[in-house]
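Data first, discussion second: the structure below is written as structure tokens.
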Amino acid sequence: MAAAPKTKRSADKAEREQVALKSLQAIATQVYTHLSKAVIPEVQLPSRNKGNIVFDEKHRVWKYGAEMTTRSAKSVDGAYMLLRTMYLSDFIKEMIDQNKSSTLREMYYISEGWDLAKFHSQDESDLLGEDLEVMTTSMREDFKLRPEENGAAIVGDLKVVETIRNNQKRTLHCQDDVGETGYHIPYNVEPDRLAFKDVKADFVVAIETGGMFARLVENEFDTKNNCALVHLKGQPARCTRRLIKRLNEEHDLPVVVFTDGDPWSFRIFASVAYGAIKTAHISEYLATPTAQFMGITPSDIVNYDLPTDKLSEQDVDALKAELVDPRFDDDWWRGEINLQLEMNKKSEQQALAKYGLNFVTDTYLPEKLTEMGILK
Amino acid sequence: MAGVAKATTLDGAGEPKAKKGKAPIAETLALAQKEISVAEFFERNRQILGFDSPVKALITAIKEATDNSLDACEESGILPDILIEVHKTAHADELRICVEDNGPGIVKRQLGNIFGRLLYGSRFHAIRQSRGQQGIGISAVVLYGQLTTGHHAVVTSKIGVGHPAVRVEMGLNTKKNEPEMFNEAMDESWTKPSGTRIEVTIKAKFQGGRQSAFEFLRSTSIVNPHARFTFLDPTGVKTVFERVTDEVPAKTTEIKPHPHGTELGTILKMARDAKQRKLTGFLTEEFSSVGSDTARKILSEAKLENVDPKDLSREEARRLHEAFAKVKIMAPPTDCLSPIGEQLVRRGLKKETEDVSPEFITTVTRPPSVWGGHPFQVEVGIVYGGTLPAEEQVRILRFANRVPLLYQGGGCASTVTVQDVDWRRYGLDQRGGNGMPTGPAILLVHVASTKVPFTSEAKEAIAPMEEIQKEVKLGLQEAARHLGRHLAKKAKRAKVSEKFTLVNKILPELAKKSAAMLGKPTPDLSTIVCKIMDVVWIEDPIVAYEKLEGQTVMVRKKAEKAEAGAPAPGKEAKGEKDAKGDKKAKGKATLEAFAEAALETAPADGAPAAPEVQQKPAHLAKSTITMTNYMMGSKKFRFFVVVPETSVFVSATPEPKTVKDRYLMWEIPAMKPTEKLALTYQVAGVEKGGVDDVETFVEGINELHVVGADPWRGGE
């Protein structure tokens, strides 16, 4: 059940859905078989925590290791989880049969009618959706579950060919055909829904905050430096990460990540470059191993003498947790994290405005990008 | 100046005499030195007697009057029925209080002494457990009324059928400490066969809350379960605090002073009044616990000849007093005490805490003990749960000789000792393991003694004596252990009942759903249920009570009651008999055989023959206990039910293997997985509610796999 996920992206949609159905059926069969043999039913899945992620040399991303968790009906929580799995599987089967899909939020509300199996929060239902992916190696899109639109966007010299309603294709240029908020990244960015054309941008700058994204767009950083700007909108959604990865893999665009200078932003970078702990089962599909962290680094805070805030208790705890996170286990990160702990300060991206509105595009980014070898 | 005068008068040296002195200044001073009567002294120091505030004055007045009524009823073997009325008057700061009892009444010639004279009473010289002692109480109320409102009290008393009810207005001459009576008359409206009524108008204030007249009566009712109080408050609300037993407490007996509790002055006075000619006779007859052997040892220790006690000099008396401490003397007798008893405290607590519907009540009566030559006994109770506030400090109900103590809680031995117990280990919150515990609980501490060491004359707090604190602590700890056990049991139940949800609700759903998804039949779950539960589940008993109207049941006489002596040393378990079914069932210990055997026994074949029996009207309790084996294998074990000592076994299905005074024991034959068994037993001679919270025990099975019963730690 917990075999390493095979990439089934190549298979066509109907086929993938059938595979997903079979996997769900297998879980139901296992539970049923246990019950009829008087064995307390249980399923196993890889532990989804920081302690169980290992570096996958082949894909150069972090994935779940060999440690397994058992969800057993011996405990009330485990039994509820199994019961919900049954209900959710049944619901997914129904959606596949009727060619419908639902948002994660809708799925949470659908569970209202599941009596004992109903979820108490959307976190619970989201988590179970992910658990199902981990157990079956199918992806939630194959389960007909999709996230809410999250509004992440891209601006740059490239065209997207998207499949719109009635299976029509439409081509948009991500500078000329979009407003100043850019092209909104849809939740499904698979090749059958979205293709790239005339990709003329040289590299990708992924930006954490909307404020900084708007600043770079207004300052025409994309046209002046021939790059694509992607708004991550905090912790990036799967589709945003997938889109970045496709630009990187299919069009060889280097990726740099530009965030605030605090521990939470380091994690945003890690989920883009290394793979997030929550989605480590599909890291090779979402993560861009060659993505580089540009800033704001703790060193930047010192070097550029940026306005700062004091670290909160949670910030310090998060930094300390990162010191034992295998993804940050290299000299550079250790140095930066320890530096930040030492100075006990953090800065936002927009703190660069201390030196004027153009400082970021005229000075900071060119300096940093040159340093990283992306600009000459 | 006043201080000097007081000291002089209270010295007990009689009238201060102006001595012929050389210092003229003393002569001048002497002119201002005059007698102050006891009454005048108290007039100026009313806080000593508990009249410091108008709110407190009301409670003190009610307390003094009810104390007298209860004591009088007890001494005459009457079930007290006391009416307490508080009326508004024309003046906002004055209240009229009437307390009327159905006691023996007071003869006319004594009315004045009792109500109109301080320090007069029958109990001051007697060494026995009683509420009032100094003879100050009720006359102080009369005095207080007279001082604050100018009204005389009105006393009415009838001493029996054929005697008239005498009504008299009562005042107190403070200079002479003498009663002043006016308008003596017959009260034609009096209807009770006997009783006393006092009406006083005092400066007082009525209010609610913890230190209120209402709470005082509620508390009084808890520790006087044989009394009925009817309270009419000034707003016209009438509350009846009903009695929970019809038994008048055993009459307390008077004892002689014990040498350890006797002061030098007292020895001198006793020696002066002695009727005996010899010291040995004086010692053995006037003191408790002194035999002729001990008396001789005392004399030898004191280096005294066996002289006439009247010839004892102060110096010799002093040697005698010192010898008391050195010679080993037996503890004073303790049968003079009258504890309320675990069962009655419990019922009193239950009745008066009904509004918070507590989940658990436990009570402990400690064996009698001795402090400074005075016998005493401690009783403790804990009320837990219900709607009691969980975030607040626990409430302590303090009592001394069946009287609630409402004030000066901080310095009281009871409070101090509560704070000294580490309550955390028994399931209450307590910061740092000492101080006041927090939690949904009420604690009760009752100290009964021939002499309660109060911190002041107002009798508001018990002085922290080491011996008393030790006993209170032991009592609290024992009761706390009961609470701890209850909470542990409850926690275990909660954990297991979660599993019940699992096996009874979630798993069947899981089976149904997975079967439906696969189009297969729903699998049978009984084995899995046992695998997950892995316990033998014993439910709380379901009890029905039937009052045996007009009937009596045979009740075994207890050793303690048969001989009115010290606590019975060895409680012999009488009436043990093997179930007749047991022998037949031998060799085929199956449930069926067990049940069959049980059926053969006639259900109500009366009480087993017991050596001593007495007739007693009581309830018949029929209790059913259901148990289920939720374990993988067959389970057999021994099951014990503790029954009240006063009860008598009637019948049981199936037949128990052993029937003892204190418990019944069944051999439960192997129960198959998911098999259920219901035990039913009937006992008579119990109080209503008496077997609601019986303790159950098991033996011969791993206790970790049993929910609802504790492991048996051996019999009596």
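The values are calculated or read from the model by the stated rules, or taken from the named source; none is laboratory data. All figures in this text were calculated on a predicted structure; none of them were measured in a lab. FYI the Cβ positions are ideal-geometry reconstructions off the backbone, even for glycines, and counts take in every protein chain you see. Heads up: the accessible areas ignore ligands, DNA and RNA and are worked out on the full protein's heavy atoms, side chains in. Shrake-Rupley method; radii C 1.70, N 1.55, O 1.52, S 1.80 Å.
Computed with every protein chain present, the accessible area of B:M465 is close to 60 Å² [probe 1.4 Å].
Note on the stretch A:289-330 and the stretch A:172-244: Cα centroid distance 25 Å, given to the nearest whole angstrom.
Look at the stretch A:21-27: the mean tally of other chain Cβ atoms within 10 Å of its residues' Cβ atoms is 1.
Where the centroid of each part is defined by its Cα atoms, how far is the stretch A:19-50 from the stretch B:195-251 in Å? Each part's Cα centre sits 68 Å from the other's.
Only helices enter the 222 nm calculation for the protein assembly as shown: every DSSP H run of n ≥ 4 contributes -39,500 (n - 2.57), and dividing by all residues gives -10500 deg cm²/dmol, rounded to 500.
Each label point was placed 7 Å from the Cα along the Cα-to-Cβ direction; for B:A331 and A:E162 their separation is 9.1 nm.
Let's test the formula: R0 of 56 Å, r as the Cβ-Cβ distance of A:R334 and B:D422. What FRET efficiency results, to the nearest 0.05? Mind showing how you got there, number by number?
On the way: r = 48 Å, r/R0 = 0.85.
It comes to 0.75.
Across the stretch A:13-146, C-alpha contacts under 8 Å between residues 6 or more apart give a mean separation that, scaled by the residue count, equals a relative contact order of 25 percent.
Each label point was placed 7 Å from the Cα along the Cα-to-Cβ direction; for A:K58 and B:T253 their separation is 9.7 nm. What angle, in degrees between 0 and 90 and rounded to the nearest 10, separates the Cα long axis of helix A:13-36 from the longest principal axis of the Cα atoms of chain A? The helix A:13-36 is inclined about 50 degrees to chain A. Placing unit charges on each Cβ (+1 for Lys and Arg, -1 for Asp and Glu) gives the protein assembly as shown a dipole about its Cα centre, and among B:A463, A:S36, B:G439 the Cα reaching farthest toward its positive end belongs to B:A463. Here B:I382 sits with roughly 0 square angstrom of accessible surface, probe radius 1.4 Å. Under the convention that each Lys and Arg Cβ holds +1 and each Asp and Glu Cβ holds -1, the size of the dipole of the stretch A:153-371 around its Cα centre is about 820 debye.
Cα gyration tensor of the stretch B:173-279, axes a ≥ b ≥ c as square roots of the eigenvalues: rounded (a/c below 1.5), prolate (a/b > b/c) or oblate? It is prolate, given that a/c is not under 1.5 and a/b is the larger ratio. Extension gain, B:T28 to B:A678: 0.36 nm times the residue separation minus the Cα-Cα distance gives 224.7 nm. Relative contact order of the stretch A:153-371: what whole-number percent is it, with Cα pairs under 8 angstrom and at least 6 residues apart? The value is 18 percent.
In the assembled protein chains, B:M632 presents an accessible area of approximately 90 Å² (probe radius 1.4 Å).
Return the FRET efficiency for the residue pair A:N358, A:S312: r is the Cβ-Cβ distance, R0 is 22 Å, and the value is rounded to the nearest 0.05. The calculated FRET efficiency here is 0.10. If you run the Gaussian network model on chain A, springs between alpha carbon atoms under 10 Å, then out of A:Q349, A:Q314, A:Q30 the most flexible one is A:Q314. When the residues A:Y355, A:Y364, A:Y32 are ordered by accessible surface, computed with a 1.4 Å probe over the protein chains alone, the sequence from largest down reads A:Y355, A:Y32, A:Y364.
Do you know the relative contact order of chain A, to the nearest whole percent, from alpha carbon pairs under 8 angstrom that are 6+ apart?
Values: 593 pairs, mean separation 55.0, N = 376.
Computed over chain A, the figure is 15 percent.
Taken over chain A, the percentage of Cα pairs per 20 Å bin, counting from 0 up to the bin with the maximum distance, is 26, 54, 19, 1.
Other chains near A:77-85: what is the mean number of their Cβ atoms within 10 Å of each residue's Cβ? Could you put the intermediate results ahead of the total?
Numbers: counts 2, 2, 10, 5, 0, 6, 9, 2, 3.
Mean number of neighbouring Cβ atoms from other chains: 4.
Sorting B:E322, A:E133, B:E188, B:E667 by solvent-accessible area of protein heavy atoms yields B:E188, B:E322, B:E667, A:E133, largest first, with a 1.4 Å probe.
For the stretch A:332-349 versus the stretch B:644-713, the spacing of their alpha-carbon centroids is 69 Å. For the peptides A:59-69, B:453-463, the ranking by packing is B:453-463, A:59-69, with the highest mean count of neighbouring Cβ atoms within 10 Å listed first.
With r as the distance between the Cβ atoms of A:E250 and B:E703 and R0 = 45 Å, compute the FRET efficiency 1/(1 + (r/R0)^6) and round to 0.05. Efficiency, rounded to the nearest 0.05: 0.10.
Calculate, in nm to one decimal, what B:V237 and B:S76 gain on full extension: separation in residues at 0.36 nm each, minus their alpha carbon distance. Walk me through the numbers on the way to the answer.
Details: separation 161, 0.36 × 161 = 57.96 nm, distance 3.10 nm.
Going from the current span to full extension adds 54.9 nm.
Measuring spread by the Cα atoms of the stretch A:13-146 yields a radius of gyration and Dmax of 15.2, 45 Å.
Could you please put B:I48, B:I82 in sequence from largest to smallest accessible area, using a 1.4 Å probe?
Working: B:I48 45, B:I82 0 Å².
I get B:I48, B:I82, largest accessible area first.
At the listed q of 0.07 Å⁻¹, the Debye profile of the protein assembly as shown, built from one uniform point per Cα, gives log10 I(q)/I(0) equal to -0.87.
Couplings 3J(HN,Hα) for the stretch A:212-218, derived from phi with the Karplus relation 6.51 cos²θ - 1.76 cosθ + 1.60 (θ = phi - 60°), are 6, 4, 5, 4, 5, 5, 4 Hz, where x marks Gly and Pro. Placing unit charges on the Cβ atoms only, positive for Lys and Arg and negative for Asp and Glu, gives the stretch A:13-146 a dipole magnitude near 260 debye about its Cα centre.
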